[in-house]
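The values are calculated or read from the model by the stated rules, or taken from the named source; none is laboratory data. What you are looking at is a predicted structure, and each value in this text was computed from that prediction instead of being measured. Glycine also receives a Cβ, built like all others from the backbone with ideal geometry; neighbour counts cover every protein chain displayed.
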């Protein structure tokens, strides 16, 4: 029985989805079903409860899953150890990232890494924060990049850096001529915000509540680019990481104003599965992302 078969079975159990297991392994859903059937014939026992509406393993299936995890992890460890001995950095890395990091923080690191390691293939997918966690837990991606990381027993969190938060406004907005503002200055102003489930939105809401600040939320978006576009038409002001508006401030379509009554930061982090065996390429890529 091939190692790939054990990996497909592990992915099926962890995602509880034939479709996602197929996508993770670049095979068809039918191929996943066939491999499971092949394992059942080989071990002469059912592995999946077919009478249950929800995905569930039989006792034999649970035992096979536990040993399959060990087999796959040991095999990956062996491959990566051989690469380290031979000083080889190659392979592929699947990165799932929130839009703001993927569009503004990641590109220079990608360029530097690929220049040093041209045989490594890095695939980047832009996702909402909740989807990044799903991708990592479901083994659809090797590495996730998020803001305001939250703890999960299944994940390892690698702190990266912190982005300074600033007020962002249109050049003709009254705030644009100010050297700085305080959070209470925003009371009653039209505000462009992220959608409620976005971590940055939740943290900004906490800041406003702590300072007894109520704003007039006029628009809500799920990514930083549309927030910026709304501010550019002077629909309201917003609070964004300073590094994400460098292009707009350079061409003077947006103005950033420091917040003087506190230093407010957005922490960034890389996440991966706690039991993930990191290849030399993944280790070096994470080390590069940690550099300031």
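Points worth noting:
- Tabulated pairs, the range 211-226, first in contact (Cβ under 8 Å) with a residue 24 or more places away in the chain and at positive phi, second outside any helix (DSSP H, G or I) and surrounded by fewer than 17 Cβ atoms within 10 Å (Cβ to Cβ), C-beta under 9 angstrom, 6+ apart or interchain: 212/187
- Among residues of the range 160-182 that are without any contact (Cβ under 8 Å) to a residue 12 or more places away in the chain, those with a Cβ under 9 angstrom from a residue that is buried (at least 16 other Cβ atoms within 10 Å of the Cβ), sequence gap 6+ or separate chain, pair up as 177/255.
- All positions within the range 261-292 that are surrounded by 14 or more Cβ atoms within 10 Å (Cβ to Cβ) and in a loop (DSSP other than H, G, I, E, B): 264, 276, 277, 278, 279
- Selection count, the range 87-108, where residues are under 12 Å from residue 285 (Cα atoms) and under 10 Å from the mean Cα position of the chain (by Cα): 1
- The set of residues in the range 56-70 that are under 27 Å from the mean Cα position of the chain (by Cα) and surrounded by 14 or more Cβ atoms within 10 Å (Cβ to Cβ) comprises 65, 68, 69.
- Residue 94 being under 23 Å from residue 126 (Cα atoms), assigned to a helix (DSSP H, G or I) and modelled with pLDDT of 85 or more: no
- The strands (runs of 3 or more DSSP E) located wholly in the range 100-218 that include 1 or more residues which are farther than 27 Å from residue 25 by Cβ occupy 143-147, 155-169, 190-194.
- Test result for residue 96, touching a helix residue (DSSP H, G or I) at 6+ places or on another chain (Cβ under 7 Å), in contact (Cβ under 8 Å) with a residue 24 or more places away in the chain and within 30 Å of residue 221 (Cα to Cα): yes
- Selection count, the range 123-138, where residues are within 12 Å of the chain's Cα centre (by Cα) and over 28 Å from residue 238 (Cβ atoms): 2
- Some residue of the range 150-157 being farther than 13 Å from residue 274 by Cβ and either touching a strand residue (DSSP E or B) at 6+ places or on another chain (Cβ under 9 Å) or buried (at least 17 other Cβ atoms within 10 Å of the Cβ) (or both): yes
- Filtering the range 194-214 to residues that are in contact with a helix residue (DSSP H, G or I) (Cβ under 6 Å, 6 or more places away or on another chain) and either closer than 18 Å to residue 256 by Cα or surrounded by fewer than 17 Cβ atoms within 10 Å (Cβ to Cβ) (or both) leaves 194, 211.
- Positions within the range 231-253 being surrounded by fewer than 21 Cβ atoms within 10 Å (Cβ to Cβ) and assigned to a helix (DSSP H, G or I), in sequence order: 232, 242, 243, 246, 247, 248, 249, 250
- Count - residues of the range 232-263 that are closer than 17 Å to residue 188 by Cβ and within 26 Å of the chain's Cα centre (by Cα): 2
- Qualifying residue in the range 34-43 (condition: part of a loop (DSSP other than H, G, I, E, B) and in contact with a strand residue (DSSP E or B) (Cβ under 8 Å, 6 or more places away or on another chain)): no
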